[in-house]
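Notes to accompany the following structure.
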Amino acid sequence: MSRKTVVAIAIAVASLVFGASFAAASSKGGSLKGAGSSFVFPLVSQWQANYKNTQITYGSVGSGAGIAAITARTVDFGASDAPLSKDQAASCKGCEQIPWALSATSIPYHVPGVEYGLKLTGKILAGIYLGHITKWNDTAIKKINPGVKLPDLKITPVYRSDASGTSFNFTDYLSRVSKEFKSKVGVGTQPNFPSGIGGRGSSGLAGAVSRTDGAIGYVDVAYSLKNNFKVAKIQNKAAKFQLPGLRGIAAAAATIAKVPSNGFISVVNPPKSQKLAYPICTFTYVIVPLKASKASTLKQFISWAITSGQQFGPPLKFYPLPKIVQTADRAMIRRIHS
């Protein structure tokens, strides 16, 4: 993507940020503007309401749009659930990504008569999104859900139509459990799914699932909670079916041994030693320029978000950052300067 194209996209994003997606909180003084991940928006909304030192304005416009906006410097920080690609990192010219929240991608479904906690495997999910498994009473689903009355109903996969870090997390998982999915779709923020319907942003995907009998999707747990969705239990490497709760996220996070210098941490499909782990967990990142005119204000806000701000996460199924991640974050925050 050329620099000119990035700037054009970011200008369009800025209009969204300060239009329909505008959300701000009052404060004692100063201001910061951010844009990006809709996955982290429920938590950022809590931060806006509880951080008193600075007014935080945040546009929930999707990870891809947030990266474009910080690249063009139309905002003070971006937010993404996907790591910067090499090209994005180069275009951003001196940006770093700091993991500031941890949650899970839930799998909501809208199937009349089927209760909460339907069991699904990664291979079944891959088969659904590849278009191979098309009915809810498919043999593969029935086999692992004895006693559940599954209807002869068409499955409608719902995916994110915009560039999304949640799509990155979901396709990263499916690519690890299905060779066919990896070869035909692969990992990406805007994958080309061969079947299904799209929804823009987490709220758009959630809306499509809620309106469509037979739908299945992938969205941050907070959106499933907000919409009272039934969500699936997903089989992990230990062959245990787990829900995307705090216990499952904590077990996935327990596998972290170190934080790479670029800040990207993957906890997808953790080893079978973690029997309680939910297999589709993800970190989400704040993206900031190392040289910033509001360096001091940025450093104070991000430092608060990764420490005191973590207390607002558990009700939304965001698990507090492990100490190893907080320590790495502090070192990255120190690099920001004016």
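The values are calculated or read from the model by the stated rules, or taken from the named source; none is laboratory data. Note that the coordinates shown come from a computational prediction; the quantities given were computed from them, not determined experimentally. Here the Cβ is made from the backbone with ideal geometry for all residues, glycine too, and neighbour counts use every protein chain on show. Surface areas here come from the heavy atoms of the whole protein model, side chains and all, with no ligands, DNA or RNA. Shrake-Rupley method; radii C 1.70, N 1.55, O 1.52, S 1.80 Å.
Quick check for you: with a 1.4 Å probe and neighbouring chains kept, what is the accessible area per residue of segment 40-145, in Å²?
32
Close amide-amide hydrogen proximity is noted between residue 119 and 233, each under 5 Å apart and 5 or more residues distant or on a separate chain (H modeled in the peptide plane; Pro and chain starts excluded). Here the sum of -39500 (n - 2.57) over DSSP H runs of 4 or more residues, divided by the residues of the chain, equals -10500 deg cm²/dmol at 222 nm, to the nearest 500. Ignoring chymotrypsin sites (Phe, Trp or Tyr not before Pro) that are buried or in helix or strand per DSSP, and keeping those with at most 16 other beta carbon atoms within 10 Å, what is the longest stretch of the chain between them? Within the chain, the longest run free of exposed chymotrypsin sites (Phe, Trp or Tyr not before Pro) spans 117-263. Taking the chain as a Gaussian network of alpha-carbon nodes connected by springs under 10 Å, the highest mean-square fluctuation of the residues 139, 74, 54 belongs to 139. Number of Lys-Lys pairs in segment 252-338 with C-alpha atoms under 22 Å apart and a separation of 8 or more places or on different chains: 7. Over all Cα atoms in segment 210-338, the spread is summed up by Rg and Dmax: 17.0, 53 Å. In this structure, the amide hydrogen of residue 31, modeled 1.01 Å from its nitrogen in the peptide plane, lies closer than 5 angstrom to those of 55, counting only residues at least 5 positions away or on a different chain. If the Kirkwood radius is taken over C-alpha pairs of segment 46-149, then at 4 °C and 1.567 mPa s the Stokes-Einstein diffusion coefficient equals 73 µm²/s. Given a 1.4 angstrom probe, I'd like the percentage of the accessible area of the chain that is carbon and sulfur, rounded to a whole number. The computed percentage sits at 52. Comparing 60, 103, 303 in a Gaussian network model of the chain where C-alpha atoms under 10 Å apart are linked, the largest mean-square fluctuation is found at 303. Note on the chain: with a GNM built from Cα contacts shorter than 10 Å, the maximum mean-square fluctuation among 211, 176, 73 falls on 211.
How large is the direction-averaged shadow of the alpha-carbon convex hull of segment 228-283, in nm²? Write out the running numbers ahead of the final one.
Numbers: hull surface 16.3 nm².
Reported value for the Cα convex hull: 4.1 nm².
Counting only cysteine Cβ atoms and a cutoff under 4.7 Å, the chain contains unmatched residues 281.
Determine the relative contact order of the chain: mean sequence separation of Cα pairs under 8 Å and six or more apart, normalised by residue count, in whole percent. Walk me through the numbers on the way to the answer.
On the way: 777 pairs, mean separation 75.9, N = 338.
Dividing the mean separation by the residue count of the chain yields 22 percent.
Taking K and R as +1 and D and E as -1, what net charge do the other residues with C-beta under 13 Å from the C-beta of residue 45 add up to?
Numbers: positive: 226; negative: 220.
Net charge around residue 45: 0.
Between the amide H of residue 62 and those of 36, 37, 38, distances stay under 5 Å, these residues lying 5 or more places away or on another chain, with hydrogens modeled in the peptide plane. As a calculated quantity, the FRET efficiency between residue 154 and residue 90 at R0 = 35 Å, using C-beta atoms, amounts to about 0.20. Within straight-line reach of residue 123, meaning a Cα separation under 18 Å, sit the following aspartates and glutamates at least 8 residues removed in sequence or on another chain: 138, 172, 180. With the convex hull of its Cα atoms as the shape, the chain has an orientation-averaged projected area of 15.8 nm².
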